[in-house]
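Note sheet for the following structure.
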Amino acid sequence: SQELEQSPQSLIVQEGKNLTINCTSSKTLYGLYWYKQKYGEGLIFLMMLQKGGEEKSHEKITAKLDEKKQQSSLHITASQPSHAGIYLCGADGGYQKVTFGTGTKLQVIP
Amino acid sequence: SQTIHQWPATLVQPVGSPLSLECTVEGTSNPNLYWYRQAAGRGLQLLFYSVGIGQISSEVPQNLSASRPQDRQFILSSKKLLLSDSGFYLCAWSNRGHYGYTFGSGTRLTVV
């Protein structure tokens, strides 16, 4: 089965700083999703990457899928308190079943 | 537009009691439906998914069951809850041919 490892597990940054979260897969990624979760709430879809080398942006969040399609990174520019939460990467495992990583907890200090 | 409703938001149940969590989707037809559990300090674990009425696939052996009595209704059940069933349960749907899930707001279950 496919496993996704996220790093770091948690992150505390000062407001305005940039940060990167990584997601590494044990197998080739055919669809990679990024979600954000506020504590105790559902997940919000951020973006999906499919092609090796693909890069997408949403506001100040940019995600890339590497050429070999086994790693993705999520980059936040000029972080704000509203970016705080848990970021999860997910891999399409067929039948649109998504396997999720363990998540990265982000805190942004004003 | 499509919406997904999940209830209740929180639930405290004694060990050995039954469970029924309900999830309904509006604004779409024939969705794929999913139940995930998020235990403290752990990632999201897929419990069940369904591609149609009465079609349920279980991902992990456990004390829970799922049913899909109607196209847009997905129910998670247990006859007798265990302490280990505590967690945050999330329902999600996706459209075939379109990628990505839309999640419900979740149910926090505490078994005492």
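The values are calculated or read from the model by the stated rules, or taken from the named source; none is laboratory data. Model, not experiment: these values are computed from the prediction. Don't worry about glycine lacking a Cβ; one is built from the backbone with ideal geometry, like all the others, and counts go over all protein chains shown. The accessibility values were calculated without ligands, DNA or RNA, using every heavy atom of the protein model including side chains. Shrake-Rupley method; radii C 1.70, N 1.55, O 1.52, S 1.80 Å.
Things to note:
- Test item: A:30-42 mean partner chain Cβ contacts at 10 Å: 3
- Rg and Dmax of the stretch B:3-111, both derived from C-alpha coordinates alone, stand at 13.1, 41 Å.
- Expressed as a whole percent, the accessible surface of the stretch A:51-110 that belongs to carbon and sulfur atoms is 49, based on a 1.4 Å probe.
- Among residues other than B:VAL111 with Cβ under 14 Å from its Cβ, the summed charge is +3 (Lys and Arg +1, Asp and Glu -1).
- Carbon + sulfur, % of accessible area of the stretch B:1-78 - ligands and nucleic acids excluded, 1.4 Å: 49
- Among the GluC sites (Glu not before Pro) within the stretch B:1-109, not one is in coil by DSSP while having at most 11 neighbouring Cβ atoms inside 10 Å.
- Between B:LEU33, B:LEU47, B:LEU11, the residue with the greatest mean-square fluctuation in the GNM of chain B (Cα pairs under 10 Å linked by springs) is B:LEU11.
- Take the stretch B:3-111 with all the other protein chains still there, run a 1.4 Å probe, and you get 45 Å² of accessible area per residue.
- Calculated Rg and Dmax of the stretch A:21-110 using C-alpha coordinates, Å: 12.7, 42
- With a cut-off of 13 Å between beta carbons, the residues surrounding A:TYR30 carry a summed charge of +3, where Lys and Arg count +1 and Asp and Glu -1.
- Karplus-derived 3J(HN,Hα), 6.51/-1.76/1.60, for each residue of the stretch B:68-74, Hz, glycine and proline x: 10, x, 9, 4, 10, 10, 10
- Dipole magnitude of chain B, debye to nearest 20 (Cβ charges: Lys/Arg +1, Asp/Glu -1, about Cα centre): 160
- Length added when fully stretched, B:VAL112-B:TRP7, from 0.36 nm per residue minus Cα-Cα: 35.9 nm
- Relative contact order for chain A, counting Cα pairs under 8 Å that sit 6 or more residues apart, in percent: 36
- Highest-MSF residue in chain A out of A:LYS27, A:LYS64, A:LYS36 [GNM, Cα springs under 10 Å]: A:LYS27
- Amide hydrogen neighbours beyond the local backbone of A:TYR30, cut-off 5 Å, H modeled: A:ASP92
- Cut-off under 5 Å, modelled amide H: who pairs with B:ARG72 long-range: none
- Heavy-atom accessible surface of chain A, averaged per residue, reaches 52 Å², computed with a 1.4 Å probe.
- Whole-number percent relative contact order across chain B, with pairs defined as alpha carbons under 8 Å at least 6 apart: 36
- Accessible area buried between chains A and B, both sides summed, probe 1.4 Å, in Å² to nearest 100: 1600
- Residues whose amide H falls under 5 Å from that of B:GLN13, counting only those 5 or more places apart or on a different chain, are B:THR110, B:VAL111, B:VAL112, with hydrogens built in the peptide plane.
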